[in-house]
Amino acid sequence: MDKISICPSCKCNNFKIVINIDNNNIDKFKKLDNLYYDNILTSLLNFDKVKIAKCNRCLHHWYFYQPSNQKLSFMYSNKSFKDKNSYIHKKNIEKNILILKKISPGKDFLDFGSGLNNLWENIAHKHNFNYFGYDPYMQKKKKLKNYFNSLSELNYKKFDIINVNQVLEHVKNLDTALEEIKMFCKKETIVKVSVPNVLRPREKYIKKFYKEWPYNNKSLHTMSPYEHLHGFTAKSLKNLFLRKNFSIKHSFKILFFFNHFYIRQYLNNLIPLLSTTEMIFKFNIKD
Ligand SMILES: [Zn+2]
């Protein structure tokens, strides 16, 4: 298992292990595994290495030991891991596309980590974007017109808009993912990112979340093993992108037409618990 021993977002080494498997939660772990994963986690994992770290500066959470790619693809090929994203509401996608349409410098739209779900494609087309889906882990069974799984297949094309929706929390190496996103950027490319907020799990209170992890007898937590490999906060998401040459996109158009989005983006800085970890960045080319 690969060890991540500095904060993947702010790169500091001021962190602590906040959750691991011990005598108090091992039964809950096995119950979750049995209910959702056909016991594959128990058969695959070394319990000593199931630990969640938390950065004391940006509050980013991550699995201290990340499963190998081979183990991850084995887990993700299990039926229970699939289609967790399909709950994204159509209306929500439309709202996102409308915001992007107002501020986009052009029509070329990359859906980074698209999978094969064509909800975004349909709505992007409706609003006259040229949609391209990109997902390196996607196994195409047949030739799909607008979906690609390698940079070369896309001819190293640059895009006006890049949508990174509910993707980064599943990625092992965030630096590599950001470098890959940058390969598709030109000056002023807009990158819209959305990830779950680890400070606002469904259970509402983070203390309760630590107490109940990995399973509360009702539903999966944001950081149930290994639904998500990373748990972002508004601060950690922002840190990650600023460190990689992006800046927050400020726009009067967003303020004027979508003030709720603007207010939420600012709430991120003020009240992390209420924030949405949904942000719009702009790429700045380094001189
Ligand atoms: Zn950090």
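For the stretch 43-70, a residue qualifies if it is more than 16 Å from the ligand (Cβ to nearest atom), surrounded by 15 or more Cβ atoms within 10 Å (Cβ to Cβ) and without any contact (Cβ under 8 Å) to a residue 60 or more places away in the chain, and the qualifying residues are 44, 49, 51.
Within the set 218, 208, 172, the sole residue that is basic (Lys, Arg), surrounded by 16 or more Cβ atoms within 10 Å (Cβ to Cβ) and not in a strand (DSSP E or B) turns out to be 172.
Of the residues making up the stretch 1-13, those that are within 12 Å of the ligand (Cβ to nearest atom) and of a type in the set (A, V, I, L, M) number 2. Every condition in (1) farther than 26 Å from residue 226 by Cβ; (2) in contact (Cβ under 8 Å) with a residue 40 or more places away in the chain; (3) within 22 Å of the chain's Cα centre (by Cα) holds for residue 137 except the one numbered (1).
Among the residues of this structure, residue 224 does not count as one that is under 18 Å from residue 59 (Cβ atoms) and not aliphatic (A, V, I, L, M). Output yes when any residue across the stretch 111-131 is of a type in the set (Asp, Glu), modelled with pLDDT of 90 or more, closer than 30 Å to residue 18 by Cα and buried (at least 20 other Cβ atoms within 10 Å of the Cβ), and no when none is. For the stretch 111-131, residues of a type in the set (Asp, Glu), modelled with pLDDT of 90 or more, closer than 30 Å to residue 18 by Cα and buried (at least 20 other Cβ atoms within 10 Å of the Cβ): absent. Any residue that is free of Cβ contacts under 8 Å to residues at least 24 places away in the same chain and either within 16 Å of the ligand (Cβ to nearest atom) or over 13 Å from the mean Cα position of the chain (by Cα) (or both) - is there at least one of those in the stretch 191-200? Taking every residue of the stretch 191-200 in turn, none turns out to be free of Cβ contacts under 8 Å to residues at least 24 places away in the same chain and either within 16 Å of the ligand (Cβ to nearest atom) or over 13 Å from the mean Cα position of the chain (by Cα) (or both).
Quick check on the stretch 14-25. Is at least one of its residues crowded, with 20+ Cβ neighbours inside 10 Å, within 16 Å of the ligand (Cβ to nearest atom) and modelled with pLDDT of 95 or more? Yes, the stretch 14-25 has at least one match.
The values are calculated or read from the model by the stated rules, or taken from the named source; none is laboratory data. Predicted, not measured: the structure shown is a model, and the values here were computed from it. Backbone-built Cβ (ideal geometry, glycine too); neighbour counts: all protein chains shown.
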